[in-house]
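**Q** Take this structure first; my questions come after.
The values are calculated or read from the model by the stated rules, or taken from the named source; none is laboratory data. None of these values were measured; they are calculated from a predicted model. Positions of Cβ are backbone-derived with ideal geometry, glycine not excepted, and every protein chain shown enters the neighbour counts.
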Amino acid sequence: MSYPTQVLGKSCKMVPVMAGGIVLGGKSYGFFEYLQVVIITVGVVVFNLGKSSIKKGGNDSSYGLALISFSLVMDAVTGGLQDKVKKRTAELNPDFAGKPVPTMHESMLWTNLSGCMVALLLGLCTGHITEGVAFCLKNHECMWAIVVYSLASAVGQNFIYYTITQFNPLILTTVTTTRKIFTTLYSVFRNPANHLSTMQWGGCGMVFVGLLCEVVEKYACPKTKPGGVTAPPADETQSLTKGAVIDEEEMEIEMQSQRGKPGYGNAPR
């Protein structure tokens with residue numbers, strides 16, 4: 001795989017995740033969300049291609065293109081199924097309204113368990129498991145490195161699944177896609193000896209513009225109920241509901257107090 005093709009594949013994950021959310025998750029996105037995905041994707045591609053020393057590569061093989069295409073399709077399937085599971089679980093558990101279902105640790109458990117089963121099956125079929133175990137038994141320092149890596153991965157996945165359950169897979173993909181840019185910017189600000197090319201600064205600017213689209217949508221286009229009425233905040237809705245319940249209770253108490261008075265029930269109709 002040539003370097004530009006690798007960059008394009010790694011930078012375009014937001015597109016299949018959004019497509020999976022629409023096709024499999026039944027989600028709908030607004031204009032600003034589509035615009036955000038396009039701007040951030042182009043910005044990340046420009047940033048990665050703007051490196052001063054780009055590794056040249058030969059022609060892309062069919063096998064390499066098939067692998068990277070399969071990876072993007074799986075990104076779409078994973079994101080779409082995560083949206084669908086969240087929606088369906090909420091419908092089946094109305095008592096947990098307002099709470100994330102499934103929880104982040106439930107999602108983490110079942111996702112990793114299913115992935116472990118697939119990896120175990122492939123490892124047994126290819127013989128990589130036996131080779132790997134034999135290598136680790138001969139090199140104990142490698143076994144320790146794998147354990148540390150696994151623990152670090154488990155800690156990091158808590159943040160990943162928190163983002164999925166509290167927000168959605170597209171937000172997570174936005175974070176993971178722009179992570180490298182923010183890491184590079186931090187290294188530049190921390191050490192002035194590091195520098196970015198003009199093309200990379202342009203890519204950074206496009207990414208920040210894309211991230212600002214969400215802020216603009218939040219404040220310029222507030223969500224409305226069907227009919228064009230702006231939905232009240234959650235705390236205001238709760239206050240209105242509580243007020244209605246209190247009014248009904250006061251009316252019931254007043255009616256009970258009137259029943260014992262003379263003339264109650266004989267009023268002309």
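**Q** What pairs come out if I take residues in segment 19-39 that are under 21 Å from VAL216 (Cα atoms) and pair them with residues that are in a helix (DSSP H, G or I) and of a type in the set (A, V, I, L, M, F, W, C) whose C-beta lies under 6 Å away, six or more apart or interchain?
**A** Correct list of pairs: PHE32/CYS213; LEU35/CYS213; GLN36/CYS213; VAL37/MET14; VAL37/MET18; ILE39/MET206; ILE39/VAL209.
**Q** Return the only residue of SER61, SER71 being surrounded by fewer than 16 Cβ atoms within 10 Å (Cβ to Cβ) and under 26 Å from ASN158 (Cβ atoms).
**A** Exactly one residue qualifies, and that residue is SER71.
**Q** Do we find that ILE164 is within 30 Å of GLY26 (Cβ to Cβ), of a type in the set (A, V, I, L, M) and without any contact (Cβ under 8 Å) to a residue 60 or more places away in the chain in this structure?
**A** Working: within 30 Å of GLY26 (Cβ to Cβ): yes; of a type in the set (A, V, I, L, M): yes; without any contact (Cβ under 8 Å) to a residue 60 or more places away in the chain: no.
Against the criterion (within 30 Å of GLY26 (Cβ to Cβ), of a type in the set (A, V, I, L, M) and without any contact (Cβ under 8 Å) to a residue 60 or more places away in the chain), ILE164 does not qualify.
**Q** Going by what's in this entry, would ALA119 be described as free of Cβ contacts under 8 Å to residues at least 12 places away in the same chain, farther than 28 Å from MET18 by Cβ and either assigned to a helix (DSSP H, G or I) or out of contact with any helix residue (DSSP H, G or I) (no Cβ under 7 Å at 6 or more places or on another chain) (or both)? Let's see the steps before the verdict.
**A** Working: free of Cβ contacts under 8 Å to residues at least 12 places away in the same chain: yes; farther than 28 Å from MET18 by Cβ: no; either assigned to a helix (DSSP H, G or I) or out of contact with any helix residue (DSSP H, G or I) (no Cβ under 7 Å at 6 or more places or on another chain) (or both): yes.
Taking the combined requirement at face value, the residue does not satisfy it.
**Q** What's the total number of residues in segment 16-34 that are at pLDDT below 90, hydrophobic (A, V, I, L, M, F, W, C), within 23 Å of VAL215 (Cα to Cα) and buried (at least 16 other Cβ atoms within 10 Å of the Cβ)?
**A** Within segment 16-34, residues that are at pLDDT below 90, hydrophobic (A, V, I, L, M, F, W, C), within 23 Å of VAL215 (Cα to Cα) and buried (at least 16 other Cβ atoms within 10 Å of the Cβ) number 1.
**Q** Let me ask something else about it. Any residue that is in a helix (DSSP H, G or I) and under 20 Å from GLY210 (Cβ atoms) - is there at least one of those in segment 54-69?
**A** Taking segment 54-69 and keeping what is in a helix (DSSP H, G or I), we get 62-69.
Keeping just the survivors that are under 20 Å from GLY210 (Cβ atoms) gives none.
No, every residue in segment 54-69 fails to be in a helix (DSSP H, G or I) and under 20 Å from GLY210 (Cβ atoms).
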